[in-house]
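The values are calculated or read from the model by the stated rules, or taken from the named source; none is laboratory data. Predicted, not measured: the structure shown is a model, and the values here were computed from it. Cβ: placed from backbone, ideal geometry, glycine included. Neighbour counts: every protein chain shown. These area figures cover heavy atoms from the full protein model, side chains too; ligands, DNA and RNA do not enter into them. Shrake-Rupley method; radii C 1.70, N 1.55, O 1.52, S 1.80 Å.
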Amino acid sequence: AKTAGVSKATGSRVINQKPDVDPATRTRILQIMNEQGFVPSATAAGLAGGRTRLIGVLVPSLTWPLMPEIMRGIGEIVEHSPYELILYSISHEQDRSAVIDRILAAKLAEGLIAVYPGQATGYLSDLHAAGYPVVMLDDQGEPIGGTPWVGPDNRIGAYTAVKHLLRLGHRRIGHIKGRIGYQCSEDRYEGYCDALIEAGITPDPALVVQGDFLVSGGASCAKQLFALPQRPTAIFAASDDMASGVLGAAAEAGLHVPDDV
């Protein structure tokens, strides 16, 4: 503003792309910003205006296979807004509520997107009820209290996957369940059963094995299914990682995918 010979308010209006600035003045300020390599400071703007324009994204682990896609979706929207992202990766060992408390104490984030928040779901719902902006992305079911929430329909997804196998002519379809205690695991199992029953097939408990969402678990479960006197001709695994384990176990057993299974 000093270099351009204008008030701070005018400089601010140009930086924030507000109207009601003389075109020649706007052009001069933008030219000076370019010459000086000026980059607006989100922190300084927050101190001046009481808002940081920063959104916190809480993720369990960046190594999860689906995280890049989730972050890409968030980024596609945020890049067309005046906001920036702060990413917080939280391990299973950390106390998520304590991490959230530190974020709030720093007064950096205007709101939180919580990806698979786990045990912090209740705490986040309390924050939302108190007026703090929160959106949860989860597959454990809609949270209590009306907190904004996004999640897949796991039962329909599983039903659709098994219907595909049925249309290919399979009748002995094995299922590797997800980890115990996860609602998505039960929903995917129910979708598997729904498709079989609709096709007139009674689900066979011998074709259902308990998995753990891990590649190694998928391989171990597949070996159990391949060892049956009458093995399944198709397998519906409850996660991509377990399906990867199935592919490895099939290759080890000399089975070709999709010809043999």
Quiz item: Quick check: anything in region 84-92 surrounded by 10 or more Cβ atoms within 10 Å (Cβ to Cβ), of a type in the set (Asp, Glu) and modelled with pLDDT under 85?
Solution: no
Quiz item: How many residues are in a helix (DSSP H, G or I), open to solvent by 20 Å² or more (accessible area, probe 1.4 Å) and modelled with pLDDT of 95 or more when one looks only at region 224-247?
Solution: 5
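Quick one: would you say residue 179 is of a type in the set (D, E, K, R), crowded, with 16+ Cβ neighbours inside 10 Å, modelled with pLDDT of 95 or more and closer than 23 Å to residue 64 by Cα? Spell out the reasoning first.
Values: of a type in the set (D, E, K, R): yes; crowded, with 16+ Cβ neighbours inside 10 Å: yes; modelled with pLDDT of 95 or more: no; closer than 23 Å to residue 64 by Cα: yes.
Against the criterion (of a type in the set (D, E, K, R), crowded, with 16+ Cβ neighbours inside 10 Å, modelled with pLDDT of 95 or more and closer than 23 Å to residue 64 by Cα), residue 179 does not qualify.
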Quiz item: Which residue pairs have Cβ atoms under 8 Å apart, sit 6 or more places apart or on different chains, and have a first residue in region 194-215 that is closer than 16 Å to residue 184 by Cα and in contact (Cβ under 8 Å) with a residue 12 or more places away in the chain and a second that is β-branched (Val, Ile, Thr) and open to solvent by 60 Å² or more (accessible area, probe 1.4 Å)?
Solution: 210/180
Practice problem: Would you check if there is a residue in region 33-56 being open to solvent by 60 Å² or more (accessible area, probe 1.4 Å), modelled with pLDDT of 80 or more and over 30 Å from residue 2 (Cα atoms)? | Solution: no
Quiz item: Can you name the condition, by its number, that residue 137 falls short on among (1) more than 15 Å from residue 70 (Cβ to Cβ); (2) open to solvent by less than 60 Å² (accessible area, probe 1.4 Å)?
Solution: (1)
Quiz item: So, in region 182-223, of the ones that are over 21 Å from residue 159 (Cβ atoms) and not in a helix (DSSP H, G or I), which residue ends up most open to solvent (accessible area, probe 1.4 Å)?
Solution: 214
Quiz item: Only one of these conditions is not met by residue 128: (1) assigned to a helix (DSSP H, G or I); (2) exposed (fewer than 14 other Cβ atoms within 10 Å of the Cβ); (3) modelled with pLDDT of 90 or more. Which number is it?
Solution: (2)
Quiz prompt | Residue check, residue 112 touching a helix residue (DSSP H, G or I) at 6+ places or on another chain (Cβ under 8 Å) and assigned to a helix (DSSP H, G or I) | solution = no
Quiz item: Listed residues 200, 174; which is in contact with a helix residue (DSSP H, G or I) (Cβ under 6 Å, 6 or more places away or on another chain), of a type in the set (Gly, Ala, Ser) and modelled with pLDDT of 95 or more?
Solution: 174
